[in-house]
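Let me begin by presenting the structure, written as C-alpha coordinates, before commenting on it.
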Amino acid sequence: MKYVISLVLGLLVGAGLFAAGLLFNPFAAAGGLSPLSVSKSEVIALNFANVPAESIAYTNDGESVQQPHPEKVLQLWEAPIRTTSAMTTVMRDARNRVAGIGVKFMSDSETTRLLQRDMIVDSVWYIYLPEHGSLFVEQTENYFPFVREVVFPAWRSSANGWRGNWRGDLSTGPGALGTAKVIGGSGRIEGLRMEGVEAMTVQAFSLDKGLVSAEGSLLIELPASRVADDEVMDLP
Amino acid sequence: MPDLLGELNIGESVLLKTFLVGIVLGLAAAAGVLYAVPVVDQVREASIVTVAPNGGNTEVFHVNIPMDRIMSGAPGRVTVPPGLKWPADEALAGIRTELFKIRNARDAVVGVAVRAAAENGGENVIDWVLHLPARGSMFVNMDVTPREGGFRIGEIRAGSQEFATMSGVMTEHWIVNEAADEDAPAGRIELQATYVGQLEPLDPVESSE
(Lines give C-alpha, C1' and ligand atoms only; values in the text may rest on other atoms or scores of the structure.)
Protein backbone atom coordinates (compact mmCIF):
# COMPACT_ATOMS: atom_id res chain seq x y z
CA MET A 1 0.00 0.00 0.00
CA LYS A 2 2.77 2.42 0.94
CA TYR A 3 4.33 1.89 -2.52
CA VAL A 4 1.05 2.82 -4.20
CA ILE A 5 0.81 5.97 -2.06
CA SER A 6 4.43 6.79 -2.92
CA LEU A 7 3.73 6.32 -6.63
CA VAL A 8 0.59 8.48 -6.52
CA LEU A 9 2.46 11.20 -4.62
CA GLY A 10 5.21 11.02 -7.24
CA LEU A 11 2.63 11.33 -10.03
CA LEU A 12 1.12 14.40 -8.38
CA VAL A 13 4.52 15.99 -7.83
CA GLY A 14 5.47 15.20 -11.45
CA ALA A 15 2.28 16.79 -12.79
CA GLY A 16 2.86 19.81 -10.53
CA LEU A 17 6.45 20.14 -11.73
CA PHE A 18 5.20 20.02 -15.31
CA ALA A 19 2.66 22.78 -14.67
CA ALA A 20 5.31 24.88 -12.91
CA GLY A 21 7.71 24.34 -15.80
CA LEU A 22 5.05 25.48 -18.23
CA LEU A 23 4.40 28.67 -16.25
CA PHE A 24 7.93 29.54 -15.16
CA ASN A 25 10.04 28.20 -18.01
CA PRO A 26 13.04 30.56 -18.08
CA PHE A 27 13.98 29.45 -21.59
CA ALA A 28 10.65 30.49 -23.11
CA ALA A 29 11.07 33.42 -25.46
CA ALA A 30 9.52 36.63 -24.18
CA GLY A 31 7.19 38.52 -26.48
CA GLY A 32 9.33 40.50 -28.86
CA LEU A 33 8.86 43.96 -30.24
CA SER A 34 5.82 44.37 -32.46
CA PRO A 35 6.86 44.39 -36.13
CA LEU A 36 4.71 47.48 -36.69
CA SER A 37 6.30 49.50 -33.88
CA VAL A 38 9.36 50.10 -36.07
CA SER A 39 7.43 50.65 -39.29
CA LYS A 40 8.10 53.79 -41.31
CA SER A 41 4.73 53.53 -43.03
CA GLU A 42 1.68 55.58 -42.19
CA VAL A 43 -0.34 53.93 -39.45
CA ILE A 44 -3.86 54.19 -38.05
CA ALA A 45 -3.65 54.03 -34.24
CA LEU A 46 -6.86 53.19 -32.41
CA ASN A 47 -7.51 52.83 -28.69
CA PHE A 48 -10.54 51.34 -26.97
CA ALA A 49 -11.83 50.41 -23.51
CA ASN A 50 -11.25 46.71 -22.85
CA VAL A 51 -13.43 46.51 -19.74
CA PRO A 52 -16.95 45.28 -20.62
CA ALA A 53 -18.63 47.83 -18.33
CA GLU A 54 -16.89 50.64 -20.23
CA SER A 55 -17.90 49.35 -23.66
CA ILE A 56 -21.18 50.13 -25.41
CA ALA A 57 -22.23 46.48 -25.21
CA TYR A 58 -20.55 43.21 -24.32
CA THR A 59 -22.04 39.74 -24.27
CA ASN A 60 -20.97 36.14 -23.81
CA ASP A 61 -22.52 32.93 -22.45
CA GLY A 62 -23.42 34.73 -19.21
CA GLU A 63 -21.49 32.25 -17.07
CA SER A 64 -17.99 33.61 -17.59
CA VAL A 65 -16.07 35.87 -15.23
CA GLN A 66 -16.72 38.89 -17.45
CA GLN A 67 -20.36 39.84 -17.02
CA PRO A 68 -22.43 40.96 -20.04
CA HIS A 69 -23.12 44.68 -20.30
CA PRO A 70 -25.71 46.19 -20.18
CA GLU A 71 -27.50 43.78 -17.90
CA LYS A 72 -30.37 42.96 -20.29
CA VAL A 73 -28.24 42.23 -23.35
CA LEU A 74 -29.01 38.91 -25.08
CA GLN A 75 -26.57 36.19 -24.02
CA LEU A 76 -24.82 33.74 -26.34
CA TRP A 77 -25.91 30.52 -24.62
CA GLU A 78 -26.55 28.31 -27.68
CA ALA A 79 -24.00 25.49 -28.00
CA PRO A 80 -22.26 26.61 -31.25
CA ILE A 81 -21.68 30.16 -29.90
CA ARG A 82 -21.15 29.38 -26.22
CA THR A 83 -17.41 30.03 -26.40
CA THR A 84 -17.92 33.25 -28.34
CA SER A 85 -18.10 36.80 -27.02
CA ALA A 86 -19.05 40.00 -28.78
CA MET A 87 -18.16 43.58 -27.92
CA THR A 88 -19.19 46.92 -29.39
CA THR A 89 -16.99 49.79 -28.37
CA VAL A 90 -15.98 53.34 -29.24
CA MET A 91 -12.65 53.56 -31.07
CA ARG A 92 -10.49 56.57 -30.21
CA ASP A 93 -7.52 57.95 -32.08
CA ALA A 94 -4.07 58.68 -30.65
CA ARG A 95 -5.34 62.06 -29.39
CA ASN A 96 -8.21 60.35 -27.55
CA ARG A 97 -10.83 61.78 -29.93
CA VAL A 98 -13.73 59.58 -31.00
CA ALA A 99 -12.67 58.01 -34.30
CA GLY A 100 -15.41 55.46 -34.93
CA ILE A 101 -17.20 52.31 -33.81
CA GLY A 102 -15.66 48.86 -33.46
CA VAL A 103 -17.30 45.46 -33.09
CA LYS A 104 -15.18 42.49 -32.04
CA PHE A 105 -16.17 38.82 -32.14
CA MET A 106 -13.94 36.36 -30.26
CA SER A 107 -14.15 32.56 -30.17
CA ASP A 108 -11.92 30.07 -28.37
CA SER A 109 -9.82 28.33 -31.00
CA GLU A 110 -9.35 24.62 -31.48
CA THR A 111 -5.70 25.39 -32.30
CA THR A 112 -5.11 26.03 -28.58
CA ARG A 113 -2.12 23.96 -27.44
CA LEU A 114 -1.16 24.52 -23.81
CA LEU A 115 1.91 22.33 -24.34
CA GLN A 116 3.18 24.96 -26.78
CA ARG A 117 2.03 27.81 -24.51
CA ASP A 118 -0.73 28.75 -26.93
CA MET A 119 -4.13 29.86 -25.63
CA ILE A 120 -5.54 30.90 -28.96
CA VAL A 121 -8.62 32.98 -29.65
CA ASP A 122 -9.88 33.49 -33.21
CA SER A 123 -11.15 37.02 -33.47
CA VAL A 124 -12.44 39.46 -36.05
CA TRP A 125 -13.06 43.19 -35.85
CA TYR A 126 -15.46 45.24 -37.88
CA ILE A 127 -14.51 48.90 -37.56
CA TYR A 128 -16.16 51.91 -39.13
CA LEU A 129 -14.14 55.11 -39.05
CA PRO A 130 -15.92 58.09 -40.68
CA GLU A 131 -12.53 59.57 -41.63
CA HIS A 132 -11.17 56.43 -43.31
CA GLY A 133 -14.04 54.01 -44.08
CA SER A 134 -14.76 50.45 -42.96
CA LEU A 135 -12.20 47.84 -41.95
CA PHE A 136 -12.23 44.09 -41.42
CA VAL A 137 -9.52 42.74 -39.14
CA GLU A 138 -8.90 39.00 -38.92
CA GLN A 139 -6.47 37.61 -36.38
CA THR A 140 -5.50 34.88 -33.96
CA GLU A 141 -4.61 36.06 -30.46
CA ASN A 142 -2.54 34.29 -27.82
CA TYR A 143 -3.65 34.93 -24.24
CA PHE A 144 -1.05 32.65 -22.61
CA PRO A 145 1.30 35.51 -21.58
CA PHE A 146 -1.69 37.37 -20.08
CA VAL A 147 -2.78 34.29 -18.12
CA ARG A 148 0.77 33.60 -16.92
CA GLU A 149 1.62 37.16 -15.93
CA VAL A 150 -1.74 38.50 -14.73
CA VAL A 151 -4.34 35.77 -14.09
CA PHE A 152 -1.99 33.30 -12.35
CA PRO A 153 -0.55 35.92 -9.95
CA ALA A 154 -4.15 37.03 -9.21
CA TRP A 155 -5.02 33.39 -8.40
CA ARG A 156 -2.04 33.15 -6.07
CA SER A 157 -2.94 36.42 -4.35
CA SER A 158 -4.97 36.17 -1.15
CA ALA A 159 -7.09 39.09 -2.43
CA ASN A 160 -7.94 37.19 -5.65
CA GLY A 161 -6.71 40.18 -7.60
CA TRP A 162 -3.76 41.67 -9.44
CA ARG A 163 -2.61 45.27 -9.78
CA GLY A 164 0.30 46.51 -11.81
CA ASN A 165 1.07 47.50 -15.35
CA TRP A 166 1.06 44.73 -17.92
CA ARG A 167 1.30 45.34 -21.64
CA GLY A 168 1.43 42.71 -24.33
CA ASP A 169 0.77 42.20 -28.02
CA LEU A 170 -2.09 39.74 -28.45
CA SER A 171 -1.95 39.25 -32.23
CA THR A 172 -0.07 36.15 -33.35
CA GLY A 173 -1.31 35.71 -36.90
CA PRO A 174 -2.24 34.93 -39.59
CA GLY A 175 0.58 37.21 -40.87
CA ALA A 176 4.04 35.66 -41.01
CA LEU A 177 5.35 38.20 -38.47
CA GLY A 178 2.47 37.58 -36.09
CA THR A 179 0.33 40.36 -37.51
CA ALA A 180 -3.38 40.53 -38.15
CA LYS A 181 -4.80 40.71 -41.68
CA VAL A 182 -6.68 43.96 -42.33
CA ILE A 183 -8.90 44.64 -45.35
CA GLY A 184 -10.40 47.99 -46.25
CA GLY A 185 -14.06 47.78 -47.27
CA SER A 186 -15.04 51.35 -48.09
CA GLY A 187 -13.91 54.96 -48.00
CA ARG A 188 -10.33 56.01 -48.68
CA ILE A 189 -9.00 52.61 -47.62
CA GLU A 190 -11.33 50.61 -49.88
CA GLY A 191 -9.63 47.57 -51.34
CA LEU A 192 -6.39 48.03 -49.36
CA ARG A 193 -4.77 45.00 -47.77
CA MET A 194 -2.97 45.94 -44.60
CA GLU A 195 -1.43 44.50 -41.46
CA GLY A 196 -2.28 45.23 -37.86
CA VAL A 197 -1.35 44.40 -34.29
CA GLU A 198 -3.67 44.41 -31.29
CA ALA A 199 -2.20 45.05 -27.85
CA MET A 200 -3.66 45.15 -24.37
CA THR A 201 -2.64 47.14 -21.31
CA VAL A 202 -3.94 45.94 -17.95
CA GLN A 203 -3.76 47.84 -14.66
CA ALA A 204 -6.12 45.76 -12.51
CA PHE A 205 -7.60 42.27 -12.74
CA SER A 206 -9.92 40.41 -10.40
CA LEU A 207 -10.73 36.70 -10.42
CA ASP A 208 -14.32 37.58 -9.48
CA LYS A 209 -14.93 40.40 -11.98
CA GLY A 210 -12.33 39.85 -14.68
CA LEU A 211 -10.70 42.94 -16.18
CA VAL A 212 -11.17 45.91 -13.86
CA SER A 213 -8.91 48.44 -15.55
CA ALA A 214 -7.62 47.75 -19.05
CA GLU A 215 -7.27 49.36 -22.45
CA GLY A 216 -6.78 47.91 -25.87
CA SER A 217 -5.08 49.32 -28.90
CA LEU A 218 -4.95 48.48 -32.59
CA LEU A 219 -2.13 49.62 -34.82
CA ILE A 220 -2.88 49.31 -38.53
CA GLU A 221 -0.14 49.85 -41.06
CA LEU A 222 -1.18 51.33 -44.39
CA PRO A 223 0.58 49.87 -47.45
CA ALA A 224 4.13 51.23 -47.69
CA SER A 225 3.79 52.19 -51.37
CA ARG A 226 1.26 54.88 -50.43
CA VAL A 227 3.77 56.87 -48.36
CA ALA A 228 7.30 55.62 -48.92
CA ASP A 229 8.01 56.68 -52.49
CA ASP A 230 9.74 59.90 -51.43
CA GLU A 231 11.86 58.00 -48.88
CA VAL A 232 13.08 55.64 -51.60
CA MET A 233 14.04 58.63 -53.74
CA ASP A 234 16.31 59.88 -50.92
CA LEU A 235 18.57 56.84 -51.18
CA PRO A 236 22.10 57.62 -52.47
CA MET B 1 29.36 13.75 -0.18
CA PRO B 2 27.35 11.47 2.12
CA ASP B 3 25.70 8.49 0.42
CA LEU B 4 22.12 9.10 1.60
CA LEU B 5 20.69 6.36 -0.61
CA GLY B 6 23.15 3.88 0.89
CA GLU B 7 21.98 4.70 4.39
CA LEU B 8 18.41 3.67 3.60
CA ASN B 9 17.28 0.11 4.17
CA ILE B 10 15.91 -1.90 1.24
CA GLY B 11 12.26 -1.02 1.94
CA GLU B 12 12.96 2.71 2.16
CA SER B 13 15.11 2.59 -0.96
CA VAL B 14 12.32 0.94 -2.99
CA LEU B 15 9.87 3.51 -1.60
CA LEU B 16 12.09 6.38 -2.74
CA LYS B 17 12.61 4.83 -6.16
CA THR B 18 8.83 4.36 -6.52
CA PHE B 19 8.35 8.02 -5.69
CA LEU B 20 10.97 9.08 -8.28
CA VAL B 21 9.38 6.82 -10.93
CA GLY B 22 6.05 8.44 -10.04
CA ILE B 23 7.50 11.91 -10.70
CA VAL B 24 8.75 10.85 -14.14
CA LEU B 25 5.41 9.21 -14.93
CA GLY B 26 3.59 12.33 -13.69
CA LEU B 27 5.64 14.56 -16.00
CA ALA B 28 5.00 12.24 -18.94
CA ALA B 29 1.29 11.86 -18.15
CA ALA B 30 0.78 15.64 -17.88
CA ALA B 31 2.54 16.19 -21.21
CA GLY B 32 0.58 13.34 -22.81
CA VAL B 33 -2.79 14.62 -21.58
CA LEU B 34 -2.07 18.16 -22.81
CA TYR B 35 -0.96 16.78 -26.17
CA ALA B 36 -3.81 14.34 -26.71
CA VAL B 37 -6.87 15.95 -25.11
CA PRO B 38 -8.22 19.00 -26.95
CA VAL B 39 -8.63 21.99 -24.65
CA VAL B 40 -11.23 23.56 -26.93
CA ASP B 41 -13.80 21.47 -28.76
CA GLN B 42 -16.28 23.66 -30.62
CA VAL B 43 -19.82 22.43 -31.19
CA ARG B 44 -20.55 22.30 -34.91
CA GLU B 45 -23.90 22.39 -36.64
CA ALA B 46 -23.60 20.59 -39.96
CA SER B 47 -23.56 23.25 -42.67
CA ILE B 48 -26.39 23.09 -45.21
CA VAL B 49 -24.79 23.97 -48.52
CA THR B 50 -26.44 23.51 -51.90
CA VAL B 51 -24.92 23.70 -55.36
CA ALA B 52 -25.87 26.92 -57.16
CA PRO B 53 -27.23 26.50 -60.76
CA ASN B 54 -24.50 28.69 -62.27
CA GLY B 55 -21.61 27.35 -60.22
CA GLY B 56 -20.49 27.83 -56.66
CA ASN B 57 -22.24 26.84 -53.47
CA THR B 58 -25.13 28.51 -51.71
CA GLU B 59 -25.81 28.70 -47.99
CA VAL B 60 -28.80 30.44 -46.44
CA PHE B 61 -28.82 32.06 -43.01
CA HIS B 62 -31.54 34.07 -41.33
CA VAL B 63 -32.13 36.34 -38.37
CA ASN B 64 -35.47 36.24 -36.56
CA ILE B 65 -36.54 39.75 -35.62
CA PRO B 66 -36.78 40.79 -32.83
CA MET B 67 -35.67 37.70 -30.84
CA ASP B 68 -32.22 37.37 -32.44
CA ARG B 69 -31.28 41.04 -32.13
CA ILE B 70 -28.47 41.29 -29.57
CA MET B 71 -27.87 45.01 -29.87
CA SER B 72 -29.06 47.95 -31.90
CA GLY B 73 -27.65 51.43 -31.59
CA ALA B 74 -28.01 54.62 -33.58
CA PRO B 75 -28.18 58.31 -32.70
CA GLY B 76 -31.67 59.45 -31.74
CA ARG B 77 -33.25 55.99 -32.03
CA VAL B 78 -34.58 53.51 -29.51
CA THR B 79 -31.72 51.27 -28.48
CA VAL B 80 -31.70 47.52 -27.87
CA PRO B 81 -31.27 46.31 -25.15
CA PRO B 82 -32.96 48.83 -22.88
CA GLY B 83 -30.29 50.68 -20.92
CA LEU B 84 -27.75 50.70 -23.72
CA LYS B 85 -26.06 54.10 -23.90
CA TRP B 86 -25.22 54.92 -27.50
CA PRO B 87 -22.44 57.55 -27.64
CA ALA B 88 -23.73 60.98 -28.62
CA ASP B 89 -20.47 62.13 -30.21
CA GLU B 90 -20.86 64.07 -33.45
CA ALA B 91 -18.29 61.84 -35.17
CA LEU B 92 -20.70 58.89 -34.87
CA ALA B 93 -23.74 60.67 -36.27
CA GLY B 94 -25.20 58.64 -39.12
CA ILE B 95 -23.77 55.30 -37.96
CA ARG B 96 -26.18 52.51 -37.10
CA THR B 97 -24.85 49.22 -35.74
CA GLU B 98 -26.81 46.06 -35.05
CA LEU B 99 -25.63 42.73 -33.66
CA PHE B 100 -27.59 39.56 -34.33
CA LYS B 101 -27.52 35.84 -33.73
CA ILE B 102 -27.68 34.07 -37.07
CA ARG B 103 -29.48 30.82 -37.79
CA ASN B 104 -29.09 28.18 -40.47
CA ALA B 105 -31.86 26.67 -42.61
CA ARG B 106 -32.81 24.33 -39.73
CA ASP B 107 -33.42 27.39 -37.52
CA ALA B 108 -30.45 26.51 -35.28
CA VAL B 109 -28.21 29.34 -34.07
CA VAL B 110 -24.82 28.92 -35.75
CA GLY B 111 -23.12 32.28 -35.29
CA VAL B 112 -23.26 35.98 -34.70
CA ALA B 113 -23.21 38.89 -37.10
CA VAL B 114 -22.92 42.65 -37.25
CA ARG B 115 -24.73 44.87 -39.74
CA ALA B 116 -23.47 48.42 -39.95
CA ALA B 117 -25.04 51.21 -41.97
CA ALA B 118 -23.36 54.58 -42.23
CA GLU B 119 -24.05 57.85 -43.99
CA ASN B 120 -20.85 59.81 -44.32
CA GLY B 121 -21.05 62.88 -46.50
CA GLY B 122 -22.06 61.63 -49.93
CA GLU B 123 -20.97 58.06 -49.25
CA ASN B 124 -23.35 55.49 -47.82
CA VAL B 125 -22.10 52.16 -46.54
CA ILE B 126 -23.84 48.93 -45.55
CA ASP B 127 -21.54 46.16 -44.31
CA TRP B 128 -22.08 42.73 -42.81
CA VAL B 129 -19.62 40.58 -40.88
CA LEU B 130 -20.77 37.01 -40.22
CA HIS B 131 -18.83 35.10 -37.57
CA LEU B 132 -19.37 31.34 -37.43
CA PRO B 133 -17.22 29.86 -34.63
CA ALA B 134 -15.14 26.85 -35.78
CA ARG B 135 -15.77 27.79 -39.41
CA GLY B 136 -14.57 31.38 -39.80
CA SER B 137 -15.86 34.82 -40.65
CA MET B 138 -16.76 36.74 -43.78
CA PHE B 139 -16.92 40.43 -44.53
CA VAL B 140 -19.54 41.57 -47.03
CA ASN B 141 -19.83 45.06 -48.50
CA MET B 142 -23.43 45.57 -49.74
CA ASP B 143 -24.72 47.74 -52.54
CA VAL B 144 -26.69 50.47 -50.83
CA THR B 145 -29.49 50.60 -53.40
CA PRO B 146 -31.93 47.70 -53.16
CA ARG B 147 -32.59 45.64 -56.29
CA GLU B 148 -35.99 44.93 -57.78
CA GLY B 149 -37.81 42.67 -55.33
CA GLY B 150 -36.49 44.52 -52.30
CA PHE B 151 -33.22 42.65 -51.75
CA ARG B 152 -29.68 44.00 -51.59
CA ILE B 153 -26.66 42.26 -52.98
CA GLY B 154 -23.09 42.56 -51.78
CA GLU B 155 -19.65 41.26 -52.52
CA ILE B 156 -17.78 38.97 -50.11
CA ARG B 157 -14.67 41.10 -49.64
CA ALA B 158 -12.69 38.95 -47.21
CA GLY B 159 -12.92 35.90 -45.03
CA SER B 160 -11.06 33.88 -42.46
CA GLN B 161 -10.45 30.14 -41.96
CA GLU B 162 -12.95 28.23 -44.14
CA PHE B 163 -13.89 31.42 -45.99
CA ALA B 164 -10.33 32.70 -46.49
CA THR B 165 -10.05 31.47 -50.07
CA MET B 166 -13.67 32.10 -51.00
CA SER B 167 -15.14 34.94 -52.97
CA GLY B 168 -18.74 35.42 -54.00
CA VAL B 169 -21.81 37.39 -53.17
CA MET B 170 -24.41 37.65 -50.44
CA THR B 171 -27.96 38.95 -50.59
CA GLU B 172 -30.04 40.36 -47.75
CA HIS B 173 -33.81 40.31 -47.89
CA TRP B 174 -36.39 41.37 -45.30
CA ILE B 175 -39.29 38.91 -45.18
CA VAL B 176 -42.37 39.82 -43.17
CA ASN B 177 -43.87 37.00 -41.13
CA GLU B 178 -47.51 36.61 -41.92
CA ALA B 179 -48.20 33.88 -39.37
CA ALA B 180 -50.75 34.86 -36.73
CA ASP B 181 -48.98 33.05 -33.85
CA GLU B 182 -48.50 35.20 -30.78
CA ASP B 183 -44.85 34.15 -30.33
CA ALA B 184 -43.97 34.35 -34.01
CA PRO B 185 -41.27 36.78 -35.08
CA ALA B 186 -42.23 40.01 -36.84
CA GLY B 187 -40.13 38.87 -39.74
CA ARG B 188 -36.72 37.70 -40.70
CA ILE B 189 -33.65 38.96 -42.48
CA GLU B 190 -32.64 36.30 -44.98
CA LEU B 191 -29.00 36.16 -45.98
CA GLN B 192 -28.06 34.01 -48.94
CA ALA B 193 -24.34 33.55 -49.46
CA THR B 194 -23.01 32.18 -52.73
CA TYR B 195 -19.42 31.03 -52.43
CA VAL B 196 -17.01 30.63 -55.28
CA GLY B 197 -13.59 29.12 -54.58
CA GLN B 198 -10.54 30.89 -55.99
CA LEU B 199 -9.10 29.44 -59.17
CA GLU B 200 -5.72 27.88 -58.51
CA PRO B 201 -3.14 27.20 -61.24
CA LEU B 202 -2.70 23.54 -62.08
CA ASP B 203 0.52 21.83 -61.11
CA PRO B 204 2.39 21.44 -64.47
CA VAL B 205 3.49 17.90 -63.51
CA GLU B 206 -0.02 16.81 -62.58
CA SER B 207 -1.62 18.41 -65.65
CA SER B 208 0.83 16.69 -68.04
CA GLU B 209 0.00 13.23 -66.66
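Brief remarks on what is shown
- Close pairs (8 angstrom Cβ cut-off, 6 or more residues apart or separate chains): at the interface with another protein chain (Cβ under 9 Å from one of its Cβ atoms) and without any contact (Cβ under 8 Å) to a residue 24 or more places away in the chain in the range B:137-159, assigned to a loop (DSSP other than H, G, I, E, B) and surrounded by fewer than 21 Cβ atoms within 10 Å (Cβ to Cβ) anywhere: B:GLY159/B:THR165
- Residue match in the range B:72-91 (condition: assigned to a helix (DSSP H, G or I) and either surrounded by fewer than 19 Cβ atoms within 10 Å (Cβ to Cβ) or at the interface with chain A (Cβ under 9 Å from one of its Cβ atoms) (or both)): yes
- Residue match in the range A:56-63 (condition: more than 10 Å from chain B (Cβ to nearest Cβ), in contact with a strand residue (DSSP E or B) (Cβ under 6 Å, 6 or more places away or on another chain) and of a type outside the set (A, V, I, L, M)): yes
- The listed residue being under 24 Å from A:SER109 (Cβ atoms) and within 11 Å of chain A (Cβ to nearest Cβ), out of B:GLY32, B:GLY11: B:GLY32
- Residue tally, condition touching a strand residue (DSSP E or B) at 6+ places or on another chain (Cβ under 7 Å), at the interface with another protein chain (Cβ under 7 Å from one of its Cβ atoms) and either closer than 30 Å to B:VAL125 by Cβ or not in a strand (DSSP E or B) (or both), over the range A:101-117: 6
- Qualifying residues in the range B:102-122 (those that are in contact with a helix residue (DSSP H, G or I) (Cβ under 8 Å, 6 or more places away or on another chain) and at the interface with chain A (Cβ under 7 Å from one of its Cβ atoms)) - the one farthest from A:ILE127 (Cα to Cα): B:VAL109
- Filter pass, A:GLU63 being among the charged types (D, E, K, R) and at pLDDT 95 or above: no
- Tally, over the range A:70-100, of residues that are within 9 Å of chain B (Cβ to nearest Cβ), over 19 Å from B:ILE102 (Cα atoms) and not in a loop (DSSP other than H, G, I, E, B): 4
- Listed conditions (1) more than 27 Å from the chain's Cα centre (by Cα); (2) modelled with pLDDT of 85 or more are all met by B:LEU8, apart from (2).
The values are calculated or read from the model by the stated rules, or taken from the named source; none is laboratory data. On a predicted model such as this, the values are computed, not experimentally measured, just so you know. Don't worry about glycine lacking a Cβ; one is built from the backbone with ideal geometry, like all the others, and counts go over all protein chains shown.
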